[in-house]
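Right, one structure below, let's go through it.
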Amino acid sequence: MTPDLLQLSQSVATLCRQAGAFIREQVTQFDQSKIVTKGLHDLVSYVDKESEKMLVEGLQKLFPEAGFVTEEGTVANDDESVEYRWIIDPLDGTTNFIHGLPCFAVSVALARGVVPVLGVVYEVSRDECFRGAEGQGAFLNDKPIRVSAAASTEDTLIATGLPFYKFTHMDAYMAILTEYAQHSRGIRRWGSAATDLAYVACGRFDSYFEFNINAYDVAAGILLVREAGGRVTQWLKDGDPVFSRETLATNGLVHDQMQAVMKQHWQEGFQL
């Protein structure tokens, strides 16, 4: 079955808004005693888990043929042989949420193989719903969006993420960060990869890069950037930026410039 991706994106956006309403409700009554540590600096809450259950239940009804890749393991159905898979982060930016910082999002993508064909990112605090579908463009609250027109890294505002549990290759990363800091308008660490990518799609950021990142953090945002006219690859080459654990997303105009900096400091084959 080939779904109507544009129509499906609207239905998924509704589900994400519903999950977001639950998350927003929990902001004022969050129980800190129920935080669980999955790993070093890797936190999860009952809000993540309940949001994921809500999303999985709704998505199964919308497109029952699809499998799932979920952050909190609500469904054990990561079957790569399935043509379509939902890739879900029910609360991207959990640490921000727990600390009362206003940047966290619901992220849902539908992928055909390793390629996202539908993406929704709902930034909860700002009530902004980004959605897109393959070949259909990208939208913010139903209005079309495009990437920025910055043609030089000197004119870019760059988003990134700092490793929070695996610190290999930090010297190379810091060298790249130093280069970008000296040749851009600035660097921001928002704490939500899904939001970073959505902001690249609508032109607030001009580029985003991160390593040691998971598919459920970036899949929806990658679709948004591509549909908004941008480019997304691995750090040094074209390839799979969803499951490779490294993502470089730009407006397309500064992509080669950013990759040139990375090639000075990053090595092909670094294990992430």
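Summary table
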{"item": "Failed item in (1) open to solvent by 10 Å² or more (accessible area, probe 1.4 Å); (2) under 30 Å from Q136 (Cα atoms), with M170 passing the rest", "result": "(2)"}
{"item": "Test set (1) touching a Gly at 6+ places or on another chain (Cβ under 7 Å); (2) modelled with pLDDT of 95 or more; (3) of a type outside the set (D, E, K, R); (4) more than 25 Å from Q234 (Cβ to Cβ) - Q60 fails condition number", "result": "(1)"}
{"item": "The range 68-113 - residue that is among the small types (G, A, S) and touching a Ser or Thr at 6+ places or on another chain (Cβ under 8 Å) and, of those, modelled with the lowest pLDDT", "result": "G93"}
{"item": "Test: residue in the range 178-192 that is surrounded by 24 or more Cβ atoms within 10 Å (Cβ to Cβ) and within 24 Å of A13 (Cα to Cα)", "result": "yes"}
{"item": "Residues satisfying the stated conditions in the range 233-245, i.e. of a type in the set (A, V, I, L, M) and either open to solvent by 10 Å² or more (accessible area, probe 1.4 Å) or closer than 15 Å to G161 by Cβ (or both)", "result": "L236"}
{"item": "Filter result for the condition that a residue is within 28 Å of R17 (Cβ to Cβ) and either without any contact (Cβ under 8 Å) to a residue 12 or more places away in the chain or not polar (S, T, N, Q) (or both), over I222, I187, I158", "result": "I222"}
{"item": "Where a residue in the range 140-151 is part of a strand (DSSP E or B) and modelled with pLDDT of 95 or more and its partner, wherever it lies, is surrounded by 14 or more Cβ atoms within 10 Å (Cβ to Cβ) and among the hydrophobic types (A, V, I, L, M, F, W, C), with Cβ under 7 Å and at least six apart", "result": "L140/F130; L140/C202"}
{"item": "Candidates L162, L140 - the one that is over 14 Å from E210 (Cβ atoms) and within 16 Å of the chain's Cα centre (by Cα)", "result": "L140"}
{"item": "L177 being aliphatic (A, V, I, L, M), part of a loop (DSSP other than H, G, I, E, B), out of contact with any Gly (no Cβ under 7 Å at 6 or more places or on another chain) and modelled with pLDDT under 95", "result": "no"}
{"item": "Restricting the range 80-121 to residues that are outside any loop (DSSP other than H, G, I, E, B) and small (G, A, S), the residue that is surrounded by the most Cβ atoms within 10 Å (Cβ to Cβ)", "result": "A105"}
{"item": "Residues (among the small types (G, A, S), part of a loop (DSSP other than H, G, I, E, B) and surrounded by 24 or more Cβ atoms within 10 Å (Cβ to Cβ)) located in the range 197-232", "result": "A228, G230"}
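The values are calculated or read from the model by the stated rules, or taken from the named source; none is laboratory data. The shown structure was predicted, so the numbers you read here are calculated from the model rather than taken from an experiment. Reconstructed Cβ throughout: ideal geometry from the backbone, glycine too, with neighbour counts over all protein chains shown. Surface accessibility is based on the protein's heavy atoms, side chains included, excluding ligands, DNA and RNA. Shrake-Rupley method; radii C 1.70, N 1.55, O 1.52, S 1.80 Å.
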